[in-house]
Amino acid sequence: MKITTKNQALNLVETSYLASLSSLLWVALYYLPIGGAFLRLILPLPIILLHLRRGTKAALEGLLIQFLLLFVIMGPLRGTLFLFPYGGLSFWLGWSWLKEKSWRLSLTLGVIIGTIGFFLRVIALSALVGDNLWVLITRASYGLIEKFIGFFNLPFSPSILSIQLVAILLIIFQEIVYVLTVHVVAYSIFPRFKLIIPDPPRLLHSLVDLNH
């Protein structure tokens, strides 16, 4: 590709830089024993930033570059896992804010993407380690239910269905908190880059004001 304008050069440089930064964050999240929560929080931000600054085409190119880098560095399975849900989520949030969609829409579909991505990661990692990781999740759910029953001295035992249901609800709740936090962080940080995302719903104004 022949670069003939300053804008094309900036597109190429920013796409490569932000895709590489996002790849580095994923490698750090996967291998470093500390800072996981912070790294998970900022992982979608480089591609979202690229989307808002350079548009949808640049964001897709950034995801492709990131995929190729991680495919080479970490292998096909580990390198692809960043797509579920971080790659898909970062693209969706960038597109939503570029098109000035409401938080209700970006949050709702973001939580759906995050939940589906969680289950895909469980399937992939189960295949990688040779063990069913869903069993560990349901055991944690059972332990939580047992503590709840013991605290309130309730006279019943949880069924398999209720344990599975609580596990799924906990996953959805986790994704709601995560996607909402990404919204709040981006709303607080992006104006410093002269990028504006839609205002939050009135119900969340107090939460956002605390972070400003």
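Each value in this text was obtained by applying a stated rule to the coordinates, not by laboratory testing. Worth saying up front: this structure is predicted, and the values here are computed from it rather than measured. Cβ placement follows ideal geometry from the backbone for every residue including glycine, while neighbour counts extend to all protein chains displayed.
Mean-square fluctuations from a GNM of the chain, with a 10 angstrom spring cutoff on Cα atoms, peak among G87, G79, G35 at G35. Once C-alpha pairs closer than 8 Å and six or more residues apart are averaged by separation and normalised to the residue number of segment 6-211, the relative contact order reads 19 percent. Just checking the listed ones, V184, V111, V13: in the Gaussian network model of the chain with Cα springs under 10 Å, the one fluctuating most is V13.
For segment 54-212, the tally of Lys pairs with Cα-Cα distances below 23 Å comes to 5, considering only residues 8 or more apart or on different chains.
One Cα centroid belongs to segment 170-202, the other to segment 84-148; the line between them spans 16 Å.
By other beta-carbon atoms within 10 Å, ranking H183, H205, H51 with the fewest at the front produces H205, H183, H51. Of the chymotrypsin sites (Phe, Trp or Tyr not before Pro) found in segment 107-212, the ones in coil according to DSSP and having at most 12 other Cβ atoms within 10 Å of their Cβ are F156. Phi angles of segment 79-88 translate, via the Karplus equation with coefficients 6.51, -1.76, 1.60 and θ = phi - 60°, into HN-Hα couplings of x, 7, 4, 5, 5, 10, x, 5, x, x Hz per residue; Gly and Pro are given as x.
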